[in-house]
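The structure under discussion appears below in the form of structure tokens.
The values are calculated or read from the model by the stated rules, or taken from the named source; none is laboratory data. Computed from a predicted structure; not experimentally measured. Cβ placement follows ideal geometry from the backbone for every residue including glycine, while neighbour counts extend to all protein chains displayed. The area values use the complete protein model at the heavy-atom level, side chains included, leaving out ligands, DNA and RNA. Shrake-Rupley method; radii C 1.70, N 1.55, O 1.52, S 1.80 Å.
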Amino acid sequence: ISGRYGLLRSVASVIFSAVCEMMLHLHINDTQCGFKAFRGEPAKALFADLEIMRFGFDFEILAMARQNGYSIKSVPVTLIENSPNTNVNVIGDGITMLREIYAVRKKIKRRGRK
């Protein structure tokens, strides 16, 4: 479970992924991967409706795409260089991200599944 980021961050990542899946049902292994690509019109619609501007934008945009019936494809990538230095505070940012998951879940439920 421990990787380049240390035990605490690795455990927090596993817990976060499980909570994200449990709350949003995205069926995506790594919502926080920085690599994302969008087609023009769906991107305009999704980003215009985006509310979260920090870490949670990843799972918010994916949840909105899923809700609107857009296809989501996972493509494996190979990370060439990875620095263990990060701006993520596991506790503080983790709590914020959990709040953001809850906010996205409420947003999706409020709008109803399409």
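Evaluated against (1) part of a helix (DSSP H, G or I); (2) at pLDDT 90 or above; (3) under 13 Å from the mean Cα position of the chain (by Cα), Phe47 falls short on exactly one condition, (3). Please work out if Met53 is in a helix (DSSP H, G or I) and either open to solvent by 80 Å² or more (accessible area, probe 1.4 Å) or not acidic (Asp, Glu) (or both). When the stated conditions are applied, Met53 does not pass them.
Within the stretch 63-74, being of a type outside the set (Val, Ile, Thr) and open to solvent by less than 60 Å² (accessible area, probe 1.4 Å) holds for Ala63, Met64, Ala65, Gln67. Any residue at all in the stretch 86-97 that is touching an Asp or Glu at 6+ places or on another chain (Cβ under 8 Å) and modelled with pLDDT of 90 or more? The answer is no, given that none of the residues of the stretch 86-97 is touching an Asp or Glu at 6+ places or on another chain (Cβ under 8 Å) and modelled with pLDDT of 90 or more.
Scan the stretch 7-19 and give yes if some residue there is hydrophobic (A, V, I, L, M, F, W, C) and in a loop (DSSP other than H, G, I, E, B), otherwise no.
Here is the first cut: in the stretch 7-19, the ones hydrophobic (A, V, I, L, M, F, W, C) are 7-8, 11-12, 14-16, 18-19.
With in a loop (DSSP other than H, G, I, E, B) added as a condition, the list becomes none.
No: the stretch 7-19 contains no residue that is hydrophobic (A, V, I, L, M, F, W, C) and in a loop (DSSP other than H, G, I, E, B).
Kindly evaluate Glu60 against the criterion of being surrounded by 12 or more Cβ atoms within 10 Å (Cβ to Cβ), of a type outside the set (Phe, Trp, Tyr) and touching a residue at least 24 places away in the same chain (Cβ under 8 Å). Considered against the rule, which asks whether it is surrounded by 12 or more Cβ atoms within 10 Å (Cβ to Cβ), of a type outside the set (Phe, Trp, Tyr) and touching a residue at least 24 places away in the same chain (Cβ under 8 Å), Glu60 comes out as yes.
Within the stretch 31-44, can you find the residues that are more than 13 Å from Ala63 (Cα to Cα) and not in a helix (DSSP H, G or I)? Those that are more than 13 Å from Ala63 (Cα to Cα) and not in a helix (DSSP H, G or I): Cys33, Gly34, Phe35, Lys36, Ala37, Phe38, Arg39. Of all residue pairs spaced 6 or more apart or on separate chains, those with beta-carbon atoms under 6 Å, a first member in the stretch 28-49 that is farther than 25 Å from Thr78 by Cβ and in contact (Cβ under 8 Å) with a residue 12 or more places away in the chain and a second member that is part of a loop (DSSP other than H, G, I, E, B) and open to solvent by less than 90 Å² (accessible area, probe 1.4 Å) are Pro42/Tyr70.
Taking the stretch 87-114, which residues are free of Cβ contacts under 8 Å to residues at least 24 places away in the same chain and either of a type in the set (Asp, Glu) or open to solvent by less than 70 Å² (accessible area, probe 1.4 Å) (or both)?
First pass over the stretch 87-114, keeping only residues free of Cβ contacts under 8 Å to residues at least 24 places away in the same chain: 87, 89, 91-92, 95, 99, 106, 109-110, 112.
Of everything in the stretch 87-114, those that are free of Cβ contacts under 8 Å to residues at least 24 places away in the same chain and either of a type in the set (Asp, Glu) or open to solvent by less than 70 Å² (accessible area, probe 1.4 Å) (or both) turn out to be Gly92, Gly112.
Residue count for the stretch 57-75 satisfying the condition of being of a type in the set (Val, Ile, Thr) and either under 18 Å from Thr96 (Cβ atoms) or part of a helix (DSSP H, G or I) (or both): 1. Mind listing just one residue for me: the one in the stretch 8-30 that is at pLDDT 90 or above and not aliphatic (A, V, I, L, M) and, of those, least open to solvent (accessible area, probe 1.4 Å)? Out of the qualifying residues, it is Cys20.
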